[in-house]
Structure formats: structure tokens, C-alpha cells
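These notes are about the structure you will find just below.
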Amino acid sequence: MVDYLLILVSTVLVNNFVLVQFLGLCPFMGVSSRLETAMGMSLATTFVLTLASLCSYLTYTYLLEPFGLEFLQTISFILVIAFVVQFTEMVVHKTSPLLHKVLGIFLPLITTNCAVLGVALLNIKKANGFIESILYGFGAAVGFSLVLVLFAAMRERIAVADVPAPFKGAAIAMISAGIMSLAFMGFTGLVAI
Amino acid sequence: MQTLYLAITILALLALVFGAILGYAAIRFKVDGDPIVNQIDNLLPQTQCGQCGHPGCKPYAQAIADGEAINRCPPGGETTIKALADLLGVDAIPLDAEHGTEAIRTIAYIREDECIGCTKCIQACPVDAILGAAKQMHTVITAECTGCDLCLEPCPVDCIDMLPVEVTPVSWHWQQPTNLIATSQAPRSHGASGNE
């Protein structure tokens, strides 16, 4: 039980995928200009990431490993992720057209979110079990969501602040992302995993 | 060599299974039409006036769904723009003056003794709110009229007026309080506000 909790704390705070491991930076910068969009993106990514880490674990353990085909892991994980994203898009389009409209191009782009592939590959590298894999994916997604929502809220404040002209727009966003990353470094040493 | 065949078989199998599931999902979760267009259409005022540059409200709703600006509907005015912005998750922008300005709601009124019964306004009306026949006097069904001004142009004797909608006991409602926030109140000249 403590192990599972540690995995969650580790992925959400200490080894945060965006600010410490620098994975998934594209949606982090791209979708964070509005808070509502950021929340929608967080939800979609959480769903996809958890499901993708589960599916890729199953694919690896029950399909690739028995046949000694571990070298196929990258290509088959990409296949799995693309499938999960496509499936999610269809379901979201049917059940919540509004969310589909808000997410727009970013929903299919989760396919190329490197955090998703990163989680799948790290699961194998760390030899995580079934539940550990799901928790690892879920924790990574929660960490991603946390950072994305915090950053979007910050950018909404910055948008109305009096920023010096050379720093306006993307520049100040990059700088604040850097400062945020520094702040997350403070969590290092909280848990040793 | 055997590993190669095995690898190809496994990958093909994986792709086949995923393809089958996706194909089934495409049928199971098929979306009829674009539901977002209907939602946008419900927010538009349905005057069918064409001031946005589209032949009616539904085509404009389709255009908004395809990415057109939301500020081209003068009859709807600021209220419609705000509702659209909320629905689509974009920022509300001021009304585009190029397509007209927001006016008070009016309905058409035909001065009936001047009407020559030419039926031209009947053909122009997008909502069939004008009643009449050739060489017969026409009149406007006030409940149907959207105040789009489209019947003014074709009338050869200029007998149509746009009159502001009268307030009836049914349509009257309380005036919204505008200065609830302290800072939006005009500074008082007599200092009547006492101990502030």
C-alpha cells in the first residue's frame, strides 16, 4: 500500500513528467493559455495516459515477452497509443461534442504527446507490475494535469498584467515555466524512489 | 529468420485487432450531423436577416462551427456574442460594425391604406410573416415578424414602417440594476451618502 502511495507522490510531485523530466512540453505550452481548455486537456490526457499505460503493459507482458520480441516495444506501443487516442476521440465526439470542440486539434495530438510513450517505456524499464503500471500512468497524468492547470491559471493572470514589451506573449510564458520548474525541483528529496 | 516472420505476424495481428475495434467503434459511436451547429443555431436570434453575410441563421451557425468570427450578428448583439463565446470557449469580442450595429427591437408595420398589393414584400420576408395576395392589402403578423428590415427595400410605395416593439404587461420585466458595484457609481455631488 505504501509502495503505491510512493509511486503516486513520486510521479505527481518529485519526478513530475513535465517540469522535472521535460516530457509533454508541447501541450504544456500550447493549451495553457485558457484555464477551461487546460482542464479539458488535462481530463483527456489523464484518461488516455492511464488507459495507454494499462494497454501497453498488457501488450508487452502477454504478447511481446512470450515470443521474445521485446525489440518491438516502441513500435507496438505507438500502435497502442494511437489506437487508444482514436478510440477516445470517437467516444468524446459522441458523448460530449462541446469538449470535443474545445479540445479541437489537441485531442488527436495526444498521440504525439511524448509523456504517453515515455510512461509506457519507463514502465517496462522499471519492471513495474500490473497495478504499478496503471498507478504510474495515472500519477504521471495527474502530475501533468496539476502543472498544466496551475500554469494556465498563471498565464491568465500574466495576460492582464503589465509585462514589459520584449517579454510579452511566449517569452514570459517560457520564463514562468522555467521558474515553475525550479520550484518543482524543491520536491526532490521528498521521497527516495 | 523465424523471429522476423514472428515479429511481422504479431504486429499484423495487433494492427488487425485494433483496426477491427476502431471500425466497430466508428459505427457504434457514429455522430449524426454536427451537434455543435444545432447548439449554435439555438443561440442565434433566428431573424434570418442575412446581415452576417449568410443566407440565414443556420448557415451562419455552420460557418461559426467552421471557424468564422462570432461577432457578425447585429440583431443578437452583445448578448448573443457572449452566449456564443461561452458555448465555444473563446473570448467575447465586440460586434463587428461592418455588418451593422445593434438596434432596439422593431417589427414591421404596413400602412394598409397605402399598400397597392404588389406581393413584393411577401417574397422578401424570410419568415413568412406577411399576409396578403396580389392586388389585396397586405398586413404583418406581429408575432412572427423578426424585425429584419428585408421587406423595406422591395416595397415600391414605401408604405412599411419599422416600429419599436411596444412593452405589454406580458413582455415587461424589471430593469436590471446597473450600478451594484461601488466603483461603477457616479460620484455624488451633494455628499448625500452619509457615512461612507
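Summary table
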quantity: Crossing angle, helix A:35-59 versus chain A [Cα axis fit, 0-90 degrees, rounded to tens]; calculated: 10
quantity: Column: log10 I(q)/I(0), Debye, Cα scatterers of chain B, q = 0.08, 0.09, 0.14 Å⁻¹; calculated: -0.51, -0.59, -0.96
quantity: CD proxy at 222 nm, helix term only [per DSSP H run n ≥ 4: -39500 (n - 2.57); per residue of chain A; nearest 500]; calculated: -22500 deg cm²/dmol
quantity: Per-residue average of Cβ from other chains inside 10 Å of B:19-27; calculated: 2
quantity: Charge context of A:VAL119, other residues only, Cβ under 14 angstrom, K/R +1, D/E -1; calculated: +1
quantity: For residues of A:30-41, the mean tally of beta carbons on other chains within 10 Å; calculated: 1
quantity: Angle between chain A longest axis and helix A:130-160 axis [Cα atoms, degrees, rounded to 10]; calculated: 10
quantity: Proximal lysines relative to B:LYS58, as straight alpha-carbon distance under 19 Å, when same-chain residues fewer than 8 apart are discounted; calculated: A:LYS101, B:LYS82
quantity: Förster radius 35 Å - calculated FRET efficiency between A:GLU156 and B:GLU68 (Cβ-Cβ, nearest 0.05); calculated: 0.85
quantity: Cβ-Cβ FRET estimate between A:ILE75 and B:THR3, R0 fixed at 22 Å, reported to 0.05; calculated: 0.90
quantity: Förster radius 30 Å - calculated FRET efficiency between A:LYS125 and B:ILE27 (Cβ-Cβ, nearest 0.05); calculated: 0.20
quantity: Cα→Cβ-extended label distance, 7 Å offset, between B:ILE141 and A:VAL2, nm; calculated: 7.9
quantity: Peptide-level mean, for B:5-14, of C-beta atoms on other protein chains within 10 Å; calculated: 4
quantity: Relative contact order computed over the stretch B:35-99 (Cα-Cα under 8 Å; 6+ residues apart), in percent; calculated: 31
quantity: For the stretch B:106-164: relative contact order, % (alpha-carbon pairs under 8 angstrom, 6 or more apart); calculated: 48
quantity: Against the rule of thumb 2.2 N^0.38 Å, how large the Cα Rg of the stretch B:106-164 comes out; calculated: 0.95
quantity: Computed label-point distance, nm, for sites B:ASP113 and A:GLU65 using a 7 Å Cα→Cβ extension; calculated: 9.7
quantity: Normalised alpha carbon radius of gyration of the protein assembly as shown [divisor 2.2 N^0.38 Å]; calculated: 1.42
quantity: Chain A: proportion of alpha-carbon pairs further apart than 26 angstrom, %; calculated: 35
quantity: 15 Å beta-carbon shell around A:ILE158, net charge (K/R +1, D/E -1); calculated: +2
quantity: Cysteines in chain B lacking a second Cys C-beta under 4.7 Å; calculated: B:CYS52, B:CYS57, B:CYS73, B:CYS115, B:CYS118, B:CYS125, B:CYS145, B:CYS155, B:CYS159
quantity: Degrees, to the nearest 10: A:73-95 long Cα axis against longest axis of chain A; calculated: 60
quantity: Value of relative contact order over chain B, rounded to a whole percent, pairs C-alpha under 8 Å and six or more apart; calculated: 15
quantity: Helix-derived mean residue ellipticity, 222 nm - over chain B, DSSP H n ≥ 4, -39500 (n - 2.57), to 500; calculated: -10000 deg cm²/dmol
quantity: For the stretch B:115-124, Karplus couplings with θ = phi - 60° (6.51, -1.76, 1.60), whole Hz, Gly/Pro x; calculated: 5, 9, x, 8, 6, 5, 6, 5, 5, 7
quantity: Helix runs (DSSP H) in chain B reaching 18 Å along axis by Cα, Kyte-Doolittle at least 0.5; calculated: B:2-28
quantity: Base-10 log of normalised Debye intensity for the stretch B:35-99 (one unit scatterer per alpha-carbon) at q = 0.12, 0.23 Å⁻¹; calculated: -0.22, -0.90
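A short reminder: the numbers here are calculations on the coordinates, not readings from a lab. No experiment lies behind these values; they were computed from the predicted model shown. Using ideal geometry, Cβ is built from the backbone for each residue, glycine included, and neighbour counts are taken over all protein chains shown.
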